[in-house]
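Below is one structure, written out as structure tokens, with a few remarks after it.
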Amino acid sequence: MSFVEINGIKKNFGTGDSRVEVLKGIDLEIEKGEMCVLLGPSGSGKSTLLNIIGAIESADEGTITVNGEKTRLMSEKQLTQYRRKHLGYVFQMYNLIPNLTVRENIELGAYLSDNPLDIDELMATLGIIDQADKLPAQLSGGQQQRTSIGRAIVKNPDILLCDEPTGALDYNTSKEILKLLEEVNQKYGNTVIMVTHNDAIKNMADRVFTLRDGEIRKNYVNENKVSAKDLEW
């Protein structure tokens, strides 16, 4: 059994004439510790699928099983525990709390975990130990995204969900963040599921799912994976 199994996921928005089929029956499997990319243009359904995996949205049909647990069978309380126990989230917008320092923002994530990572060691890995006492407004975009990754990863989640994590960043900073996600995946063994419309990013993934019009068009294991530092676009 795969670590993440997704079977027959369907999602519609709207009703009547304005009803839109966003996901049309998604099936996919992800192994523990893999770096996965959900690739597709805007409107392909990839962020909706990520939100359903992350229990931010619910599917109309189908099941998601993580480590043998089906999310559809969970109560609201169990879903909250599922998010806390299994998931870390990194978004395009950093969603940091403006009046808390870098360290305090990361500590927020640690409070949600029974087994948090060491905060100083993590900040050193992320390259933000020197910014520990700064507020978000005093940081660059890249430093804010590093802090956001720190807050997500400090819980030591099984799955790190990344929705366009480099979408708001310039080329060089984007590559730094991708290298960081690669390092986090290798060092801590978290399964990473990353949504992107940037075709080049698929080359650093273990497994690639290409979405278009709410369906998976390609699903393959990357035989010629390259390091994030060697990506070009």
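Laid out as a table, the results:
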{"quantity": "Unmet criterion (only one of (1) within 22 Å of residue 55 (Cβ to Cβ); (2) in contact with a Ser or Thr (Cβ under 9 Å, 6 or more places away or on another chain); (3) not in a loop (DSSP other than H, G, I, E, B)) for residue 155", "calculated": "(3)"}
{"quantity": "Matching entry among 130, 158 (being touching a residue at least 12 places away in the same chain (Cβ under 8 Å), of a type in the set (D, E, K, R) and out of contact with any Leu (no Cβ under 6 Å at 6 or more places or on another chain))", "calculated": "158"}
{"quantity": "Selected residue (only one of 20, 66 is in contact with a strand residue (DSSP E or B) (Cβ under 8 Å, 6 or more places away or on another chain), hydrophobic (A, V, I, L, M, F, W, C) and buried (at least 16 other Cβ atoms within 10 Å of the Cβ))", "calculated": "66"}
{"quantity": "Residues of segment 92-104 classified as surrounded by 19 or more Cβ atoms within 10 Å (Cβ to Cβ) and under 18 Å from the mean Cα position of the chain (by Cα), total", "calculated": "2"}
{"quantity": "Checklist (1) part of a helix (DSSP H, G or I); (2) in contact (Cβ under 8 Å) with a residue 60 or more places away in the chain; (3) within 20 Å of residue 54 (Cβ to Cβ) applied to residue 187, failing item", "calculated": "(3)"}
{"quantity": "Criterion (surrounded by fewer than 20 Cβ atoms within 10 Å (Cβ to Cβ), under 22 Å from residue 66 (Cα atoms) and within 18 Å of the chain's Cα centre (by Cα)) met by exactly one of 82, 89", "calculated": "82"}
{"quantity": "Flag for residue 109 being surrounded by 15 or more Cβ atoms within 10 Å (Cβ to Cβ), more than 19 Å from residue 190 (Cα to Cα) and under 18 Å from the mean Cα position of the chain (by Cα)", "calculated": "no"}
{"quantity": "Which listed residue is closer than 27 Å to residue 117 by Cβ and crowded, with 18+ Cβ neighbours inside 10 Å, from 135, 161, 211", "calculated": "161"}
{"quantity": "Of residues in segment 157-206 being among the small types (Gly, Ala, Ser) and closer than 19 Å to residue 31 by Cα, the one modelled with the highest pLDDT", "calculated": "205"}
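The values are calculated or read from the model by the stated rules, or taken from the named source; none is laboratory data. Note that the coordinates shown come from a computational prediction; the quantities given were computed from them, not determined experimentally. Note: ideal-geometry Cβ built from the backbone for every residue, glycine included; neighbour counts use all protein chains shown.
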